[in-house]
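Data block below; observations after.
The values are calculated or read from the model by the stated rules, or taken from the named source; none is laboratory data. The model shown is predicted, which means the values in this text are computed figures rather than measured ones. Glycine gets a Cβ as well: all are built from the backbone with ideal geometry, and neighbour counts include every protein chain shown.
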Amino acid sequence: MLIDHRLSNVSKIGNCNLVGKDAFFKKVSIDTRSISKGDIFLALSGPNYDGHDFIDEALEKGASCIITEKTIPSATHIKTDNCFLFLEKLANFQRSNFKKIIISITGSNGKTSTKEILYQLTRELFENKDEVFKSPGNWNNRLGLYLSLLRLDNSHKLAIFEIGTNAIGEIKELASFLKPNIGVITNIGNSHLEGLKNINGVLEEKTDLFSYVSSSGTCLIRAKEDHLVKAKKKIKKRKKIFLRPKDSSSFDQNLEMAEAVISCLPEEINKKFFLSEKNISDLEIKAVVPGRQELLIGKNKVNIVDDTYNANPESFKAAFKKIESISCKNKICVMGKMNELGENSLILQDEIIKEALNLFDLVLAINLDSKINAKNLKIINPKAIFKNLEIYLNEESVILFKASRSVKMDDIVKLFL
């Protein structure tokens, strides 16, 4: 049995006292912007914020209780020494009491997209589609995992979680907490190299997931042969499915991985699986993730590929595959910085610029430090983007926008919609 949605039950799990009247609650929230009447507000604090500053706002919006490190006169609350550790206790209770199938997905690219495809496909395998749960958005760090676990309820029969990393030890921490039945690594590539050092560091970190898959579970990975040899050491005697890297679109590769995962589910579930051409076409629409190779129609019917959520060399190459599949007279790439690539960042950046120059009629590099000299390359500041793109704003053009999140390329895309 998962958490009974009563305040007294929550306080008991956290080993703290409830001050005020017992009541039912809807969900636990850490953000007053999305809080609803009857929710618990957890006053988390971080390096740049203190949730206690928003307690009054939470109460005004109808919070039924505050989990706090401070005493609150005249308000129902649960006082704890550490709000984050309190959240961890709740999440651990949820995981310990969830006895159904858990799937955990990581990888250098395609985590969220694979999760979305798998979610859409598995929903069709249950009588009630709501029996399948997925972690929201990209909630793939420790906080995101804990909050995701709190959203599980007794109706769920399958739960899909995404976990991420940018430093050594993070996958171990998340996977050991989640203990999945099925572990999925979408691929191994040059990502988060500041923390993981090199491709071998990425491989070592990502494959830590397999060490915490249940002994009767299955491990799936798409990787080169030499990487598979190393992965086997952590897979040990668990069942395994190996997929080789392919020169195909991101969608096709993510779909192939999702199908492989479904083959690992119990027969009474996966025997219902059938995928027609129409299903695939519908899936390409349903499983679209905002900011991840999202095809949009902009001003003057210009075609836009919004891939602004994040960037690394492998995801750039995947985006180029997407552009190759689009028939347009003019192809333009607006690219920005790729973060967390470590000491070889400029080398990796220039490799991507060179690939882009072979595909695109024009490459606009925003504030990039590069010595590459080419007729179809312009290094510009953000203010010059519209001026350089104005003549291409028509239905005969496709424009790819891509950069790491910190560049805020998504705000630039909005100018052309």
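Could you tell me which residue of the range 37-55 is nearest to the chain's Cα centre (by Cα), considering only residues that are surrounded by 13 or more Cβ atoms within 10 Å (Cβ to Cβ) and not in a strand (DSSP E or B)? The extreme case among them is L44. Pairing each residue of the range 252-272 that is in the same structural domain as I182 (by TED's automatic domain parsing) and free of Cβ contacts under 8 Å to residues at least 12 places away in the same chain with any residue that is assigned to a loop (DSSP other than H, G, I, E, B) and loosely packed, with under 15 Cβ neighbours inside 10 Å, provided the two are 6+ apart or on different chains, yields C-beta distances under 9 Å for D252/K246. Looking for something under 20 Å from the mean Cα position of the chain (by Cα), surrounded by fewer than 19 Cβ atoms within 10 Å (Cβ to Cβ) and among the charged types (D, E, K, R) - is there at least one such residue anywhere in the range 80-90? No, that holds for no residue.
So is N381 touching a helix residue (DSSP H, G or I) at 6+ places or on another chain (Cβ under 8 Å), free of Cβ contacts under 8 Å to residues at least 60 places away in the same chain, farther than 15 Å from N190 by Cβ and of a type in the set (S, T, N, Q) or not?
When the stated conditions are applied, N381 does not pass them.
If only residues of the range 239-251 that are in a strand (DSSP E or B) and either assigned by TED's automatic domain parsing to the domain that holds E324 or not aliphatic (A, V, I, L, M) (or both) are counted, the one that is nearest to E225 (Cα to Cα) is F242. Checking each residue in the range 1-16 for being in a loop (DSSP other than H, G, I, E, B), at pLDDT 95 or above and out of contact with any strand residue (DSSP E or B) (no Cβ under 7 Å at 6 or more places or on another chain) picks out only N15.
Is it the case, given these coordinates, that L209 is modelled with pLDDT under 95 and either within 24 Å of L145 (Cβ to Cβ) or not in a loop (DSSP other than H, G, I, E, B) (or both)?
Answer is no for this residue.
For first residues located in the range 178-192 and free of Cβ contacts under 8 Å to residues at least 24 places away in the same chain, partners that are assigned to a loop (DSSP other than H, G, I, E, B) and surrounded by 22 or more Cβ atoms within 10 Å (Cβ to Cβ) and lie 6+ apart or on another chain with Cβ distances below 8 Å do not occur. Taking the conditions exactly as written (touching a His at 6+ places or on another chain (Cβ under 8 Å) and under 21 Å from G110 (Cα atoms)), does E314 satisfy them or not? No; evaluated as a whole, the condition is false for this residue.
Each row is one residue, and each column tells you yes or no for (1) in contact (Cβ under 8 Å) with a residue 40 or more places away in the chain; (2) more than 23 Å from Q94 (Cβ to Cβ).
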| residue | (1), (2) |
| --- | --- |
| S11 | yes, no |
| N15 | yes, no |
| K21 | yes, yes |
| K27 | yes, no |
| S36 | no, no |
| I40 | no, no |
| A43 | yes, no |
| D50 | no, yes |
| E57 | no, yes |
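Within the range 17-29, the set of residues being surrounded by 15 or more Cβ atoms within 10 Å (Cβ to Cβ) and not in a loop (DSSP other than H, G, I, E, B) comprises L18, V19, V28, S29. Has the range 305-314 got at least one residue that is buried (at least 20 other Cβ atoms within 10 Å of the Cβ), touching a helix residue (DSSP H, G or I) at 6+ places or on another chain (Cβ under 8 Å), under 28 Å from T186 (Cβ atoms) and among the polar types (S, T, N, Q)? Looking for residues that are buried (at least 20 other Cβ atoms within 10 Å of the Cβ), touching a helix residue (DSSP H, G or I) at 6+ places or on another chain (Cβ under 8 Å), under 28 Å from T186 (Cβ atoms) and among the polar types (S, T, N, Q), one finds at least one in the range 305-314, hence yes.
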